[in-house]
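What follows is a set of notes on a single structure, which appears directly below.
The values are calculated or read from the model by the stated rules, or taken from the named source; none is laboratory data. For clarity, every value in this text was computed on a predicted model and none was experimentally measured. Cβ placement follows ideal geometry from the backbone for every residue including glycine, while neighbour counts extend to all protein chains displayed. Surface accessibility is based on the protein's heavy atoms, side chains included, excluding ligands, DNA and RNA. Shrake-Rupley method; radii C 1.70, N 1.55, O 1.52, S 1.80 Å.
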Amino acid sequence: MSIETSQRIVIKIGSALIAPEQDGCRSRYLLNIAQFIVQCRAKGKEVLLVSSGAVAAGSHLFKNKDKSSVAVKKAMAAAGQTEMISTWERFFDFPSAQLLLTHGDLRDRDRYNSIRETLFTLLEQGILPIINENDAVTTDDLKVGDNDNLSAMVAAAADADCLIICSDVNGLYDKDPNKNPDARLLDTVGELTPEIYAMTGGPTSSVGTGGMRTKLQAAEKATSHGIVTYIVNGFNEDTFSELLNGANPGTRFLPYDTPMQEAVHWMTHTASEQGELIVEANEFDELSCDDIVAVNGDFSAGETVLVRNEDGQRLAKANSNYSSCLLNFIAQQDKDIVTEKVQDSIGPVISQNDIAVFEERNS
Ligand code: GLU
């Protein structure tokens, strides 16, 4: 299981590689990466690029502004995005396409499917998709927030089989390598246990938003979709030749033996819950109004909810066919009559195919 056998690769590049001095884009580290992309394509592989760097690239245009302000950051992203894309385009003699996404797009099932369709069509045409978060339009509630997790969501949406996350360290160490000279680089990780998460320190770079923790979250999202994931040092030029030779220059995360089904993966790792249903039963195939003890939060029909039991234990994520408003209304009526009438026309609150049950990793 290496790059050699992978057919569709997502490569994530952080801001520090693109705009190391935060005063516009630099080609210093990108040349190697571009060459890697060209060589992968020459070997018949499909590549998608998730590129950060819009904020860092646009920063120098806002010298007299408060750069901690959200409004300024969004404007820096809008201005820097064009510079970032044109920097990448200079390296390639094949066409590329820009996709700017928010979590609001990815967690909506119809828009998610629309994104998948666009990605597949671009790849079919040999066009390189270059993806970033649409920072200029997003809000706290609608953003992914870091491109590590975004790259894993994109890898899942694109049905990729390999995700390469370029970092400024060589991979995952058993302790913080900046503080511990004896820290050991982990070659292969089979399961992302709490012990593995405990090995992460704070953010690895002052440019960009991700850290080792978001990289592990991304690895969890990707491996559960059957995607082998690498964290490698993007600053080291040998990284890319080693990858091309089938070696592992960083830390490799093994994909699940039995990946989650597409819809279950999306609900578990991409959709975010907008409210909660409290139920009596610990196991269920579907849920009717009678099964629901309480409703928390405001959600519309079709949105994802968390299902908990009365002890507060998280049982599943599911798409609710009813809004919270309707469920609260039904709870106040003569249940037998209303429930029967409403359920006859809408069907169950949660249908069998719309449930992602939380369970232990199956590998
Ligand atoms: N979307 C942000 C940008 O382009 C980067 C987010 C991140 O660093 O992960 O600047």
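Can you run down the residue pairs with Cβ atoms below 6 Å, 6 or more apart or on separate chains, where the first is in segment 35-54 and small (Gly, Ala, Ser) and the partner is within 16 Å of the ligand (Cβ to nearest atom) and assigned to a strand (DSSP E or B)? Correct list of pairs: Ser51/Ile13; Ser51/Ile130; Ser51/Asn132; Ala54/Asn132.
Looking across segment 227-263, the residues that are farther than 20 Å from Gly211 by Cα, open to solvent by less than 40 Å² (accessible area, probe 1.4 Å) and not in a loop (DSSP other than H, G, I, E, B) come down to Phe240, Leu243, Leu244.
Test each condition in (1) more than 15 Å from Thr138 (Cβ to Cβ); (2) under 24 Å from the mean Cα position of the chain (by Cα) for Gln81 and report the one that comes out false. So Gln81 meets the others, but not (1).
Selection of segment 62-92 for residues being farther than 16 Å from Ile18 by Cα, part of a helix (DSSP H, G or I) and away from the ligand (no atom under 11 Å from the Cβ) yields Phe62, Val70, Ala71, Val72, Ala75.
The criterion of being open to solvent by less than 40 Å² (accessible area, probe 1.4 Å) and more than 12 Å from the ligand (Cβ to nearest atom) holds for Ala156.
Residue count for segment 7-37 under the criterion of being assigned to a helix (DSSP H, G or I), open to solvent by 10 Å² or more (accessible area, probe 1.4 Å) and more than 15 Å from the ligand (Cβ to nearest atom): the result is 3.
Given the condition among the β-branched types (Val, Ile, Thr), within 16 Å of the ligand (Cβ to nearest atom) and at pLDDT below 90, answer yes or no: does some residue in segment 212-221 qualify? Before the answer, list the steps.
The first filter runs over segment 212-221 and keeps only residues among the β-branched types (Val, Ile, Thr), leaving 214.
The next check asks that each one be within 16 Å of the ligand (Cβ to nearest atom); those that pass are 214.
With the extra rule that they be at pLDDT below 90, the set shrinks to none.
Within segment 212-221 (the criterion being among the β-branched types (Val, Ile, Thr), within 16 Å of the ligand (Cβ to nearest atom) and at pLDDT below 90), the answer is no, since none of the residues qualifies.
Go through segment 38-49 and count every residue that is over 17 Å from Thr239 (Cβ atoms) and either open to solvent by less than 10 Å² (accessible area, probe 1.4 Å) or not in a loop (DSSP other than H, G, I, E, B) (or both). Residues flagged as over 17 Å from Thr239 (Cβ atoms) and either open to solvent by less than 10 Å² (accessible area, probe 1.4 Å) or not in a loop (DSSP other than H, G, I, E, B) (or both) within segment 38-49 amount to 4. Cβ-Cβ distances below 6 Å connect the following pairs, each with a first residue in segment 121-148 that is under 16 Å from Lys12 (Cβ atoms) and open to solvent by less than 40 Å² (accessible area, probe 1.4 Å), a second residue that is within 14 Å of the ligand (Cβ to nearest atom) and part of a loop (DSSP other than H, G, I, E, B), and a separation of six or more residues or different chains: Glu133/Val144; Asp146/Thr209; Asp146/Gly210; Asn147/Ser52; Asp148/Gly210.
Looking only at segment 120-129, decide whether some residue is within 16 Å of the ligand (Cβ to nearest atom) and either under 23 Å from the mean Cα position of the chain (by Cα) or assigned to a loop (DSSP other than H, G, I, E, B) (or both). The answer is yes; a qualifying residue exists. Restricting segment 102-119 to residues that are open to solvent by 20 Å² or more (accessible area, probe 1.4 Å) and not in a helix (DSSP H, G or I), which is nearest to Ala57 (Cα to Cα)? That would be Arg107. In segment 284-308, of all residues being over 19 Å from Gly347 (Cα atoms) and in a loop (DSSP other than H, G, I, E, B), the one that is least open to solvent (accessible area, probe 1.4 Å) corresponds to Gly297.
Of the residues in segment 45-60, none is of a type in the set (D, E, K, R) and either farther than 21 Å from Ala218 by Cβ or within 16 Å of the ligand (Cβ to nearest atom) (or both).
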